[in-house]
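So the structure is just underneath, and the comments pick up after that.
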Amino acid sequence: MKQFEVLQSISKYLSRFKEQLKILNANGEFSINIHAENVLIKILNIVFDANFENTNYSEGKTYNTMDLRDKKQRIAIQVTATSNIKKVKETLQSFVKYNHYENFDKILILILTDRQEKYSQESFDKILESKFVFSQNDDIIDLTSLYVKINALNELTKMLAINELLESQFRDKLDVPKNPDIQSFDNLLNELTPLFLENKELFKKFGPNSGATVTEPLRTDLTLWYKIRREKLVPNNSVIYKLIESNLHYIPSEFENIFEKLKAHIYAFEKHCEDADFDYTQYQFPTEIEKIIFNESK
């Protein structure tokens, strides 16, 4: 049941992604396609067990034939919003012209909108001249067929990671409460205290080192932890950050450095939630802040 719910969520966000691309492209706004490459690269890494790099960055220019590549796995991907056969043929012609088949066994064409129902395999074969294999059924993919590949993974951990990547980009924005009327440092601490208490309790119960795995498998715990940090901790931290930022003038000078450390932690933690590869070990939660919050607020 859990896997089905995660797949439903992935389907929802991929559909939202595709419709957004269609609308913006129809309006001549193509910069979204570059952003799409950056969003998709981590998802494609999971699906294909690869380590793709964006050639437009690594080569320092718009690179011919491919947008993403994994030299070790020998896979190249062309990302495009154009689905017609002309675009596919141009990609394959360039792949042959520049002898990319010597370094890559497979070229995939990822269409950001919808692929055509059928393409002419015969016209592709004429271009390839038996130099490498390209299937119009398997090697031209879109977000719908990408979803099929995600489903075929049949591995909840990977699905959760993909869902979190999509959710960080396309989830609905949460309403943030208006700033209360704060007129002193004590007022600020009184507003911060319940948020800190809730975060502390959530981390104690559901955090990766909570000990909850005594009764449930680790995978279940981490699933719940990802949900808690996304739906509760990050929004709570956002409120904490805004409260501190808008009331810096009330913070005593001896506490300023600690509050700056807390702000850095909040920012880094959110980035880590959006991107699991983001290392925030240098921005750990400053435990001394609890002494200030709980002692000074009494």
key: Checklist (1) touching a Leu at 6+ places or on another chain (Cβ under 9 Å); (2) over 22 Å from L108 (Cα atoms); (3) modelled with pLDDT under 85; (4) of a type in the set (V, I, T) applied to I23, failing item   = (1)
note = Selection over region 60-98 where residues are more than 16 Å from D125 (Cα to Cα) and open to solvent by less than 70 Å² (accessible area, probe 1.4 Å) yields a count of 19
query = In the set I141, I150, which member is farther than 22 Å from I23 by Cβ and crowded, with 16+ Cβ neighbours inside 10 Å?
reply = I150
F30 vs. criteria among the aromatic types (F, W, Y) and closer than 24 Å to L153 by Cα = no
key: Close pairs (6 angstrom Cβ cut-off, 6 or more residues apart or separate chains): under 20 Å from R115 (Cα atoms) in region 89-104, open to solvent by 70 Å² or more (accessible area, probe 1.4 Å) anywhere   = none
query = What number of residues in region 1-24 are polar (S, T, N, Q) and open to solvent by less than 30 Å² (accessible area, probe 1.4 Å)?
reply = 1
request  = Go over the candidates K261, K173, K205 one by one and state the one that is under 29 Å from the mean Cα position of the chain (by Cα), modelled with pLDDT of 90 or more and open to solvent by 40 Å² or more (accessible area, probe 1.4 Å).
outcome  = K261
request  = Considering only residues that are without any contact (Cβ under 8 Å) to a residue 40 or more places away in the chain and among the aliphatic types (A, V, I, L, M), look in region 234-258 and name the one that is surrounded by the fewest Cβ atoms within 10 Å (Cβ to Cβ).
outcome  = L248
In region 100-150, the residues that are touching a helix residue (DSSP H, G or I) at 6+ places or on another chain (Cβ under 8 Å) and on the phi > 0 side of the Ramachandran plot = E129
request  = Among the candidates N27, N45, single out the residue that is open to solvent by less than 80 Å² (accessible area, probe 1.4 Å) and not acidic (D, E).
outcome  = N45
All helices (runs of 4 or more DSSP H) inside region 65-175 with 3 or more residues being closer than 30 Å to W225 by Cβ and of a type in the set (G, A, S) = none
Residue within region 119-134 that is under 30 Å from L192 (Cα atoms), at pLDDT below 95 and among the acidic types (D, E) present = no
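The values are calculated or read from the model by the stated rules, or taken from the named source; none is laboratory data. Quick caveat: nothing in here was measured; it's all calculated off a predicted structure. Heads up, the Cβs are rebuilt from the backbone with ideal geometry, glycines too, and the neighbour counts pull from every protein chain shown. Heavy atoms of the whole protein, side chains included, go into the accessibility calculation; ligands, DNA and RNA do not. Shrake-Rupley method; radii C 1.70, N 1.55, O 1.52, S 1.80 Å.
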